[in-house]
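K.L.:
Please read through the structure below; I'll follow up with questions.
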Amino acid sequence: MAESADVRTQTRSPYLVIFVILGVFTGLEVGASQLPVNIKIPALIVLAVVKASLVVLYFMHLKSDSHVYAGFFLVAFILIIPLVLIMTLVMPML
């Protein structure tokens, strides 16, 4: 019985740490929204990518899954980067 309690404690702690890190990054995003536009956009994109990666790796269990799933995620991520860059360049013109 004590062994299962230890396992439960060990599996919860990474989730709590990631949750706190995501909260810190959210605070950084709020702070970054006050920066000038030429600094704000890249900073928010970097923070969003880091937060999305943490969510995918830990909460969606991609870190411990097969590398095939990681490959699918990586291909989709690489394909979405040009779309995000185009949108950020075109949106100020609208």
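Coordinate-derived values only; no laboratory data. Bear in mind the structure is a predicted one, so any value in this text is a computation, not a measurement. When we count neighbours, we look across all protein chains shown, and the Cβ atoms used for this are built from the backbone with ideal geometry, even at glycine.
K.L.:
Per q in 0.18, 0.22, 0.31 1/Å, what log10 I(q)/I(0) does a Debye calculation on the alpha-carbon atoms of the range 36-82 return?
P.N.:
-0.62, -0.81, -1.12
K.L.:
Sum up the charges of everything whose Cβ sits under 15 Å from the Cβ of VAL56, counting Lys and Arg as +1 and Asp and Glu as -1, but leave VAL56 out. Write out the running numbers ahead of the final one.
P.N.:
Working: positive: LYS51, LYS63; negative: ASP65.
With Lys, Arg at +1 and Asp, Glu at -1, the neighbours total +1.
K.L.:
While we're looking at this one, here's another question. Which FRET efficiency value, to the nearest 0.05, is calculated for VAL37 and ILE78 with the Förster distance at 25 angstrom and r the Cβ-Cβ distance? Write down the numbers at each step before the final one.
P.N.:
Numbers: r = 26 Å, r/R0 = 1.04.
The computed FRET efficiency comes out at 0.45.
K.L.:
Ok, one more. How large is ³J(HN,Hα), in whole Hz, for each residue of the range 48-54 in order, when computed from phi with the Karplus curve 6.51 cos²θ - 1.76 cosθ + 1.60 and θ = phi - 60°, using x for Gly and Pro?
P.N.:
5, 5, 5, 5, 5, 5, 4
K.L.:
Enumerate the whole-percent occupancy of each 10 Å bin, from 0 to the last occupied one, for all C-alpha pair distances of the range 2-93.
P.N.:
14, 34, 32, 15, 5, 1, 0
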